[in-house]
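Every read-out reported here was derived from the displayed coordinates using simple, explicitly stated rules and does not represent laboratory data. All figures in this text were calculated on a predicted structure; none of them were measured in a lab. Reconstructed Cβ throughout: ideal geometry from the backbone, glycine too, with neighbour counts over all protein chains shown.
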């Protein structure tokens, strides 16, 4: 066999092998590797062409035509295989990304109101419907608004460090503290009315966070309170009891018996703790109410004359009532929650069961 025939045979064998590999290529990446392997600068075709230089000059044009034909055949086969693979990969991608519009949609988790916020919203809505105006006050208070104006004497236990969070603020002369109740809002609301040249009637409800040095199953260093007060001429205990009866029955969504027991609070006189008929045993007596049929829920009373005097309201003309309630306590009673700390542990199972999307 002549040298030219040998080269032709090599080229034919290379072409047949390459065409078979091109046809069987699994993907575009493999095909690109085959392009480099056969048509690259260091590919199979280049290796065969190295033998052309050994041929006589008159034979080189003949083999050159054969080489070009082989090269063109490989390029055409590569382009055809590449086009077919692109179509195949496109079809596979379309199938993989196909959406069945008849399938039900995926539901995403929906957020909900925290049970304390839900309870607070319910309470504020009830008082708003009764005609009370909403008010707010600062959480960082001074001693005058938190204690002095509320007739709380200097020796009162609430003013001790073990009950109240006191701290110093740079550049201020007054002692600052985290408010221990929402009653300072009562003082600020009455002061604002007097300073503006107005006078009662006033009917205000205020809510917010309060802070005390306490932490156990039924107490938290931070909790929420609602303060309610009304000042006008001839306001009496009967008005207080009527508001309490309506609010508690509306919140617990049933007629709830209530009673007022004499008590002592520095800022009210007379003062009373308010009990409701046990919501767990329907006033019959159980473990929760210790067999009495009653559960204490909040403190109340007629605003002390000294409190009215501190804000410039004439107690000989005007009188008023006030009461404050712990939001968490009422929410616990309404829903039978045994431990206050559940509200603050962020257990998703508890929050999902208790939460509301309202």
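The angle between the Cα long axis of helix 28-39 and the longest principal axis of the Cα atoms of the chain comes to about 30 degrees, rounded to the nearest 10. The candidate values were [x] 37.0; [y] 17.5; [z] 24.9; the one computed from these coordinates for mean projected area of the Cα convex hull in nm² carries the label [x].
Seen against the Cα atoms of the chain and their longest principal axis, helix 183-195 is set at about 70 degrees.
What order do you get for 87-94, 188-195, 244-251, 65-72 when each peptide is scored by the mean count of other beta carbon atoms within 10 Å, highest first?
My ranking of the peptides, most packed first, is 244-251, 188-195, 65-72, 87-94.
The GNM of the chain, with springs linking C-alpha atoms under 10 angstrom apart, assigns the highest mean-square fluctuation among 179, 259, 35 to 35.
Counted residue by residue at 0.36 nm each, then reduced by the alpha carbon distance between them, the extension gain from residue 222 to residue 281 reaches 18.3 nm.
In percent, what relative contact order does the chain have, based on Cα pairs under 8 Å that are 6 or more apart in sequence? Once divided by the residue count of the chain, the mean separation gives 16 percent. Once the Cα-Cα distance is subtracted from the 0.36 nm per residue extended length, the residue 194 to residue 163 segment shows a gain of 8.0 nm. Between the Cα long axis of helix 3-24 and the first principal axis of the chain there is an angle of about 30°, rounded to the nearest 10. Taking 61, 270, 104 in turn, the Gaussian network model of the chain (Cα-Cα springs below 10 Å) assigns the largest fluctuation to 61.
What FRET efficiency would be calculated for the residue pair residue 93, residue 214, taking the C-beta separation as r and a Förster radius of 41 Å, to the nearest 0.05? The value I calculate is 0.05. Could you tell me the calculated FRET efficiency between residue 269 and residue 109, based on Cβ-Cβ distance and R0 = 51 angstrom, to the nearest 0.05? Using R0 = 51 Å, I get an efficiency of 0.50. Fewest-first ordering of 332, 130 by other beta carbons within 10 Å of each residue's beta carbon gives 130, 332.
Estimated from helices alone, the mean residue ellipticity of the chain at 222 nm is -13000 deg cm²/dmol (sum of -39500 (n - 2.57) over DSSP H runs with n ≥ 4, per residue).
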